1. Select from B:Phe134, B:Ile149, B:Phe175 the residue farthest towards the positive end of the dipole of region B:131-264; place +1 on Cβ of Lys and Arg, -1 on Cβ of Asp and Glu, and compute about the Cα centre.
2. Quick one: A:Leu100, A:Leu220, fewest Cβ neighbours within 10 Å first, how do they rank?
3. Under 12 Å from a point 7 Å along the Cα-to-Cβ line of A:Met332: which residues of region A:242-273 have their amide N that close?
4. Picking from B:Leu38, B:Ser89, B:Tyr4, whose Cα lies most toward the positive end of the charge dipole for chain B (charges on Cβ: Lys, Arg +1; Asp, Glu -1)?
5. State, to one decimal in nm, how far the label point of B:Lys172 lies from the label point of A:Glu151, with both points 7 Å from Cα in the Cβ direction.
6. Determine the gain in length on full extension of the stretch A:Thr89-A:Gln231; use 0.36 nm per residue of separation and subtract their C-alpha separation, reporting nm with one decimal.
7. What spacing in nm lies between the two simple spin-label points modelled at A:Asp17 and B:Glu48, each 7 Å away from Cα in the Cβ direction?
8. For region A:260-333, what is the charge dipole size about the Cα centre, in debye to the nearest 20, if Lys and Arg each add +1 at the Cβ and Asp and Glu each add -1 at the Cβ?
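Just so you know, all these numbers are worked out from the coordinates, no wet-lab data involved. All of these numbers come straight from a predicted model, not from anything done at the bench. Here the Cβ positions follow ideal geometry from the backbone for every residue, glycine too, while neighbour counts run over all protein chains shown.
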Amino acid sequence: MRYTSVISAMPIIETKDLTKTYKRYKKAEGLRGSLKGLIKREYEVKNAVSSFDLGIEEGEFTGLIGPNGAGKTTLIKMLTGIIAPTSGTISVMGYYPNKLENAFKKQYAVVMGQKSQLFFELTANDTLSLFKEIYDIPKPEFEKSRDYFVELFNVKDLMNVQVRNLSLGERMKMELITALLHNPRVLFLDEPTIGLDAIAVKQIRGFLKNVNEEKGTTVLLTSHYMEDIKQLCKRSIVINNGKKIFDGTTETLFTTYQKYKVLHISFADSTSMRMEDSLLKNCSILESDEYKVSLQVPKESSSKILDYLFKSYTVQDIVIEEEDIGTVVERMYS
Amino acid sequence: MKKYVELIKINLKTQLIWRTDAFFSMISVCAKMLFAYLLWGIIFEGKETVAGFSYSMMISYYVLNSFLSSMDMSGSISYEMDDKIRNGSFSKYMIIPVLPQAYFLCQTIGKALFYVLFTFTASFIWIFIFKFDFFITGNAYNVFSALGILLLGYFFMQQFHYYLGLLTFKFKNIFLFLMIKDNIFSLISGAVIPLVLLPQEVISVFKYLPFYYISYLPTMLLLGRNTEEVPQALVTMLVWVILFAILNPSTYKYYRTKFEGAGI
């Protein structure tokens, strides 16, 4: 069941000059400051989101990236109607989100990594039965939708297990099935892979990709993991201090701003690395001891460096990491 | 409507998971009755009546009042809302097409059904085993009036606790309000002592407040007393229920749009 009452040529998500300011109590230091605060309080205004313009077309898979406190979650909260904007305009599927109309809520879903809709004492099937009624899903559609997602995630055996007995990754899968049961037009995902192991992350990425491609669901994803963004989102928006600092293809973002990789190398024997080799001249050591070293290496020469390391040292293990979002954002700013 | 029935069901199912809780609910009911049996036995020693109550009536009062007042499970709503607004998980109620107040109402009913199931069974077994002379009126007017007032009372309490929970949006911490409410409620509802033991002037003031009608008056009605108070009780409760039916949605809308905390 997909609600199509409010469809037009305009973007499915649109904001103009969207701003959210918070008033924060500025407490003076010490006991004196605390006593003073009882009589008179000083406040400071913080712009969590500032003059934010956004347009997302139906069916897009967009990544929203930024360091902690950048304003990503505040933006998602405004788009889902959880909080009201201070100024600017906002439209999601033609609705003003903060009105919290049921017709609007039936057309989107939110999955926040650390907030659950599941009943921990009961099974995932119990929660699904509840959501069937909450979203008024006819029985045949409910069964079709449930079976589709259960098969996609291969979780048939887990549907009647108490949620509290499921692993973090299994819970997230159930969370996603619950959220997508009513076939929403827009899916907001806030850190869905946080704290999950590599296998669960891979499965969830595959699932999201499938939902976007097969069902045409518009997805707005925030994540700290570059790999999530890289593998799933064609478009990326980078936000810092509440302002948009990049909006373009994910490919452009990574080729332009992600210049380094981090190699964590473990040696079989006590080793001292020689950095004088010309290949390593643009690398820097982030951390080292006699058995391991962490190197920051230019992205374009990382495969040559790996080759060189294997030939020159008795390497026991290598872990390759993408640069974290904070570093990329910092580079974009500078 | 079906979604609310499903919400009640899921909350009842959640309660039924805890077998030890179910067992101790029954034990605590029996313990309460035993306590009343012993306590009032001492007070009534050598006396036929106390404040117009016979021994069996007093025990019946105690059992009924404690049962009816325990049936109100709405107290946890304020604490839960306070916790959820501050830790940021209240948003889960805002994003689904269900009114948060209705969600909490269904949660309360689910819990109450669990309580009724086990407490009623425990009370029945206890009365049967001890062949206790349990008194309840045969006057249908009293019984139906008591049920009507009880339902309005429970609904009001749910509205009231939801309202207190909403204050978290404004005050961040509502424990002081809850403490004051708990103390006033214990006194006015007759949960501490039968209200007939208090001066008449005090009781006449209490009668304009809803708490008097939550369990005390229904208990008295079921004991065949205070029949003349039914009209005032129904009018008073209706006025309070309507007042909060207007107050709650507007308060929710006003505070949630003004809320600036990091939560929800």
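1. So the residue furthest toward the plus end is B:Phe175.
2. The fewest-first ordering by Cβ neighbours comes to A:Leu100, A:Leu220.
3. Correct set: A:242-258.
4. Sorting the options by dipole projection puts first B:Ser89.
5. A separation of 5.2 nm, rounded to one decimal place.
6. Full extension of this stretch gives 48.0 nm more.
7. 8.5 nm
8. 280 debye
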